[in-house]
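Heads up, the thing below is written out as structure tokens.
The values are calculated or read from the model by the stated rules, or taken from the named source; none is laboratory data. For clarity, every value in this text was computed on a predicted model and none was experimentally measured. Heads up, the Cβs are rebuilt from the backbone with ideal geometry, glycines too, and the neighbour counts pull from every protein chain shown. For accessibility, only protein heavy atoms count, side chains too; no ligands or nucleic acids. Shrake-Rupley method; radii C 1.70, N 1.55, O 1.52, S 1.80 Å.
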Amino acid sequence: MTQHLSRIADLLSQLPRAPSPQWPDGEPFVVAMAHGTMSVEVYAPRGHDPQTPHDQDELYFIHSGQGEFVLDGVRHPFAPGTVFFVPAQVEHRFENFTPDFATWVVFWGPQGGEP
């Protein structure tokens, strides 16, 4: 999927997506655009964040909500406008977040992350 424009309100209206074996409560993300190794998603889990480490480097741009981001065991508070970098294969998750939490996620680069 290659697009050049996505509006977060349109993307959030699609969440949660259909349930799957990995996401029995429905997928909490939707792909906004992709090009080459890069993809941009909106991620908006509800209640808890079940994600596991990813195979690519990623950036989170917090759109709405507040809470804590746990990156490799270290807690960081977040609010709209906060940005986090997560190297590939590093444990991370959002905790204690408000019901309106939503974030942009950008994945890019080779599997295993950039050197």
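Ranked by solvent-accessible area (1.4 Å probe, protein heavy atoms only, all chains present), the residues Leu15, Leu5 order from largest to smallest as Leu5, Leu15. Report the calculated FRET efficiency for Ser20 and Glu95 (r = Cβ-Cβ distance, R0 = 30 Å), to the nearest 0.05. Calculated value: 0.85. At the residue level, His35 shows approximately 130 square angstrom of accessible surface with a 1.4 angstrom probe and all protein chains present. Rounded to the nearest 500, the helix-only mean residue ellipticity at 222 nm of the chain stands at -1000 deg cm²/dmol, with each DSSP H run of n ≥ 4 adding -39,500 (n - 2.57).
In this simple spin-label approximation, Ser13 and Met38 carry label points 7 Å from Cα along the Cα→Cβ vector, and these lie 2.7 nm apart.
How large is log10 of I(q)/I(0) for region 1-57 at q = 0.18, 0.29 Å⁻¹ when the intensity is taken from the Debye formula with one equal scatterer per alpha-carbon? The calculated log intensity ratios at q = 0.18, 0.29 Å⁻¹ are -0.69, -1.24. Full extension of the segment from Thr82 to Gln66, taken as 0.36 nm per residue of separation minus the current Cα-Cα distance, would add 4.8 nm.
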